[in-house]
Amino acid sequence: MKKVVAFLFACVQLIPTWGQAVQRTPNGLKVETETMCVELECFSPSIIRVKKYPVGAVPQKQSLTVVKQPEKVEYEWRQEDGRVALVTSGLIVSLDTALRQISFADKEGRTLLKEKASSVGFVPVDDAGSPALRVSQSFLPDAGEAIYGLGQHQQGRMNQRGQTVFLQQENMEICIPLIHSSKGYALFWDNYSPTTFADNEQGMSFDSAVGDLCDYYFVYGGSADKVVAGLRDLTGQVPMFPLWSFGFWQSRERYVSQDELVGVVRKYRDLRIPLDGIVQDWRYWGEDHKNWNAVEFRNPLFPNPGKMMEDVHRLNAHAIISVWPSFGPATGIYAELKQLNKLMGHETFPQENGVRVYDAYDPVAREIFWKYMDRNMFSIGMDGWWLDATEPEHSPAKDADFDYQTYMGSFRKVRNAFPLVSVGGVYEHQRRVSSAKRVFILTRSAFAGQQRYATQAWSGDVISDWGVLRNQISGALNLSLTGIPYWNSDIGGFFSANKFPEGVKDTAFHELYVRWMQFAAFTGMMRSHGTHTPREIFQFGERGYWAFDAQEKMINLRYRLLPYIYSTSWEITSGGGSLMRALFSDFPADKRVADVGDEYMFGQSMLVAPVTSAVRSRSLYLPAGVQWVDFWTGEVQEGGREITREAPVDVIPLYVKAGSIIPVGPSVQYATEKSWDDLQIRIYPGADAEFVLYEDEGDNYNYEKGKYTTVRMTWNDSSREFTVHPRQGGYEGMLQKRSFRVVVVDGQRKGGLGLDNEAYNIKVEYEGEEVKKGI
């Protein structure tokens, strides 16, 4: 390590420095020059916090995003001719005090990122009557380096280089000042005010409207998964969702009565179409906007919401309900918040009705919000939350609105963190009330660290359009690369009337809807929703009609893949993985995948290439270094080339990486209808393979106490031997004995939803001890 530091100094032209003082701090170094203080703080050997502020300022900041405390990290430091270096086992961070430039290198001395020299900016500003700073910093990424992240943006860009993005939360734009590099690092700019990200020939920069200091975290991992793991270590781990949340969800704007809502669930059961969730959208509080979001059932068409929940549960389904962060003046929650001066002042939807947003930054306001949710909804059995408009909705926006003094300072200063604190309040309060039911939150906005609050982000009120469908993919992948793993969108698009005024009566809409559903089957939540036209499967026709049959096919596929999806979710919780994965995450050596934004990996084994136009085939790229098996036909393709795949309206191009094990569950009407005592295990040969099957009690937090099981399965491709390793762990009600039906997928066994033929399946009996089977 000492040699590496000496090498770095030898390779850099040493520039005489001016007055400085360097001191060792409990977790790093502090360098004070004539005008500025710079602190390097080790949170781990691979995570470094950088703080810069004017001399004498000494800001006291508590991060809203970062939950990790600095570790006791062993490090060395050197000071020589105006350069200071901090060296850990994972990173070398050097500061040139004359150039006012920090650079980051891996432990071998390879440069990862440099600041642009003398580029930190502190411009005094007036923030609602208080002195503050406009803060900026520029960096110099490599010319060929790809940059991802920034949240979810819907312009169809995968690589975020070469553009300017204004980061301020709004419907359909999730804004997170965090970039994830193809070089294996992430940088989180820890500022919550409106921020401009820019990347051009002068460099890459963050420029924030308000701040007390320049404050960012450098997270090194070397690979995409390790970077994401580092981000989760810094900002919070991902709780497990209940198993039922991964089933199919039906929604619309809106079910007008409790009878209609229960009737939809009953219709799905009568049709034997699988369903796990139903969503109640707005106006269950009544039609008068003065009663907006009362957080209680005031609509006379919902006379007995407790019975509604009992009916839904008797049908083996679950329900979540829309709750907004704003309240009408005739509601009890509005009156209580107003009395305590905990309502913000800006205009919000529905405008001109006196509706106001609550101060979600205030813990007392969050407690009041939860009190109404608990008393009127959770207590009667509501299964989860649809937290709508968590940006929050703000239109028309006036600059003076940002002067409002929240519990944590001006609204301007904390603007982008609103979804984090609002959603976090619901999660934390429900966890205090009950450990018997896992928190499940669907929400329209997000900020860095929100993954720790059991959230599924969705893409907002998008229109029904082929181009919009395509842009969902890159938006989702970039969000995932910020550490937030669960994302979904309204199947078919929310606003259908723009392009399809006849809605469900238009066969062109049927095609878009089917293709969107195919995509949704491989996202975090498979959820149908929208306005202008109903979306239930029976609105499209009957069995035998192509649009009905294609939907049923994809819903059934989603349920058959639940063991794969649920086990992947455990990997996300325990190991820092992702569900929707940009191709570069798994194939970093293949430079052709760096800017692919219309296909992705679902888990580590399945490549998904959605059809995003009204065609019957599409070209797609199969990454190099492996073979690929067509999920539907079993045909083997070589990687490293572009192919054209025929795509009839009921088929989404789907490939499995050779050297994969995919567990396939039973055909069911809801996620927990049948046990997994007779799973089919599909082996895709061509390389060695491994899969870990995860199981637990399904809908409580006992897994946090170690009450779960894992079963590791391996495939030796050369000896064609399948091994089920000893079961690890245990929980009440776990399977003691089970069978696995093993099938090797090749050209003779075509795949798809078939392969249940007994002739193809080799039965393996398993009681928790190691079993080997030659195939």
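The values are calculated or read from the model by the stated rules, or taken from the named source; none is laboratory data. The structure presented is a predicted model; accordingly, all values stated were derived computationally and were not measured. Note: ideal-geometry Cβ built from the backbone for every residue, glycine included; neighbour counts use all protein chains shown. Surface accessibility is based on the protein's heavy atoms, side chains included, excluding ligands, DNA and RNA. Shrake-Rupley method; radii C 1.70, N 1.55, O 1.52, S 1.80 Å.
From Cα pairs below 8 angstrom and at least 6 apart in sequence, can you work out the relative contact order of the range 598-674, rounded to a whole percent? Mind showing how you got there, number by number?
Details: 123 pairs, mean separation 24.3, N = 77.
32 percent.
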Could you compute the FRET efficiency for residue 506 and residue 667, with r as their C-beta to C-beta distance and R0 at 30 Å, rounded to 0.05? 0.45
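Using alpha carbon coordinates only, what is the Rg to Rh ratio of the range 117-209, with Rh defined as the Kirkwood radius?
On the way: Rg = 13.8 Å, Rh = 14.0 Å.
Rg/Rh for the range 117-209 comes to 0.98.
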Just tell me which lysines come within less than 25 Å, Cα to Cα, of residue 307; anything on the same chain fewer than 8 places away is out. 267, 371, 437
DSSP loop trypsin sites (Lys or Arg not before Pro) in the range 386-494 with at most 13 other Cβ atoms within 10 Å of their Cβ, which ones? 398
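Would you mind giving the average projected area, over all directions, of the Cα convex hull of the range 124-275 in nm² with one decimal? Present the calculation step by step, with values, prior to reporting the outcome.
Working: hull surface 56.1 nm².
Over all viewing directions, the range 124-275 projects a mean Cα-hull area of 14.0 nm².
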Relative contact order %, the chain, counting alpha carbon pairs below 8 Å whose residues are six or more apart: 10
Which whole-number value in Å² is the accessible area per residue of the range 146-302, probe 1.4 Å? 27
Total charge dipole magnitude, the chain, about the Cα centre, Cβ charges on Lys, Arg, Asp, Glu only, Debye to nearest 20: 740
Surrounding charge for residue 728, neighbours by C-beta under 13 angstrom, Lys/Arg +1, Asp/Glu -1, total -1
So which lysines can residue 657 reach, going by Cα to Cα under 20 Å and dropping same-chain residues fewer than 8 places off? 591, 750
Checking the cross-link filter: which lysines have an alpha carbon closer than 28 Å to that of residue 61, excluding same-chain neighbours under 8 positions apart? 30, 51, 52, 72, 114, 116, 226, 342, 398, 413
Cα convex hull of the chain, projected area averaged across orientations, nm²: 33.0
Radius of gyration and Dmax over the Cα atoms of the range 481-598, both given in Å: 16.7, 48
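Ordered by packing density, taken as the mean number of other Cβ atoms within 10 Å over each peptide's residues, highest first, how do 615-625, 257-267 rank? Display every interim value, and only then the final one.
Details: 615-625: 16.2, 257-267: 18.2.
The packing order, highest mean first, is 257-267, 615-625.
Using only alpha carbons, build the gyration tensor for the range 349-449 and give me the equivalent ellipsoid semi-axes, biggest first, whole Å. Don't skip to the answer; put the middle values down first.
Working: eigenvalues 132, 43, 31 Å².
Gyration-tensor ellipsoid for the range 349-449: 26, 15, 13 Å.
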Please list the non-local residues whose amide H lies under 5 Å from the amide H of residue 125, H modeled 1.01 Å from N, same-chain partners needing a gap of 5 or more. 132, 133, 134
Could you compute the FRET efficiency for residue 702 and residue 200, with r as their C-beta to C-beta distance and R0 at 56 Å, rounded to 0.05? 0.60
Of all the C-alpha pairs in the range 30-88, what % are more than 16 Å from each other? 53
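If R0 is 25 Å, what FRET efficiency do you get for residue 753 and residue 624 from their C-beta distance, rounded to 0.05?
0.30
Taking all protein chains as present, what is the carbon and sulfur share of the accessible area of the range 214-352, in % to the nearest whole number, probe 1.4 Å?
Numbers: 2110 of 4500 Å².
Carbon and sulfur together cover 47 percent of it.
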Charge dipole of the chain about the Cα centre (unit charges at C-beta), most positive-ward option of 208, 237, 321: 237
For the range 323-336, take each phi angle, set θ = phi - 60°, evaluate the Karplus expression 6.51 cos²θ - 1.76 cosθ + 1.60, and give the result in whole Hz per residue in order, putting x for glycine and proline. 9, 9, x, 9, 9, x, x, 9, 9, x, 5, 4, 4, 5
Take residue 465 and residue 237, extend 7 Å from each Cα along the Cα→Cβ direction, and tell me the distance between the two endpoints in nm. 4.2
Hey, how many Å between the Cα centroid of the range 157-193 and the Cα centroid of the range 426-489? 16
Hey, quick one: spin label on residue 226, modelled 7 Å out along Cα-Cβ, who in the range 61-86 has an amide N within reach, i.e. under 20 Å? 71-76, 86
Across 10 Å bins from the origin, how do the percents of Cα pairs in the range 390-464 run, short distances first? 17, 42, 31, 10, 1
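So if each residue of separation counts as 0.36 nm, and I subtract the Cα-Cα distance between residue 347 and residue 735, what length gain in nm does that give? Let's see the in-between values first.
Numbers: separation 388, 0.36 × 388 = 139.68 nm, distance 5.51 nm.
Result: 134.2 nm gained on full extension.
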